[in-house]
Amino acid sequence: MSDKINKKFMKMAIAKAKAGIRKGQTPFGACIVKKGRVISCEHNTVWKSCDITSHAEVHAIRKACKKLKNISLEGCTIYSTCEPCPMCFSACHWAKISKIVYGARISDAKKSGFNELNISNKVLKSKGRSRVKIVPDFMRRENAELFMLWQKLNKSKIY
């Protein structure tokens, strides 16, 4: 897809992350697209659900699978405001998502105080022999700004 189209979908993930921040959640959003059509767009709900696995990518995958009535998301691209954590990368791999486009890096989340495992998607892809295509650092500045917004609104509960 062109950068213009990728920007459109990444902006949707960013908007969803901002909506989550306004609801007291953490600064993460994810949007799943297939053939130019949005299948799901979600934000993190760890604090609302009191569930540490309630990451934006996991929510987006669950919703997309239900909507498509299939556990395979082959042919889909996930736009994530931050590099998926190992749990979310694994979920993308198992769902057979074809491409991950992410903005901020795991190191950006770690700098903001999140208890991240410093294992990049590139390393996970290599070690797991995953076929997922990875597009890193897409609109990185705009996505990293989500952490500053989150801290500014004083809703900065970390996990």
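Please work out which option in (i) 42; (ii) 50; (iii) 69 gives percent of Cα pairs over 20 Å apart calculated from these coordinates, and answer with its label.
Recomputing percent of Cα pairs over 20 Å apart here gives the entry labelled (i).
Which lysines have a Cα lying under 23 Å from the Cα of residue 157, excluding residues fewer than 8 positions away in the same chain?
Within reach: 16, 18, 23, 48, 110, 111.
For region 1-142, what does the relative contact order come out to in percent, with C-alpha contacts under 8 Å and a separation of six or more? Provide the component values of the computation, followed by the final result.
Values: 283 pairs, mean separation 26.7, N = 142.
Contact order relative to length: 19 percent.
Give the carbon-plus-sulfur fraction of the accessible surface of the chain in %, rounded to a whole number; probe 1.4 Å, heavy atoms of protein chains only. Each step should come with its number before you reach the end.
Details: 4580 of 8500 Å².
Carbon and sulfur together cover 54 percent of it.
In the chain, what cysteines have no partner Cβ closer than 4.7 Å?
50, 65, 76, 82, 85, 88, 92, each lacking another Cys Cβ under 4.7 Å.
Tilt of helix 3-22 relative to the longest C-alpha principal axis of the chain, in degrees (0 to 90, nearest 10)?
For 3-22 against the chain, the angle is about 40 degrees.
Using a 1.4 angstrom probe with every protein chain in place, what is the largest-first accessible-area order of 74, 142? Before the final figure, lay out each step's value.
Details: 74 115, 142 65 Å².
The ordering from most to least exposed comes out as 74, 142.
The values are calculated or read from the model by the stated rules, or taken from the named source; none is laboratory data. These numbers were taken from a predicted model, which means no experiment stands behind them. Every residue, glycine as well, gets a Cβ built from its backbone with ideal geometry; the counts of neighbours run over all protein chains shown. The accessibility values were calculated without ligands, DNA or RNA, using every heavy atom of the protein model including side chains. Shrake-Rupley method; radii C 1.70, N 1.55, O 1.52, S 1.80 Å.
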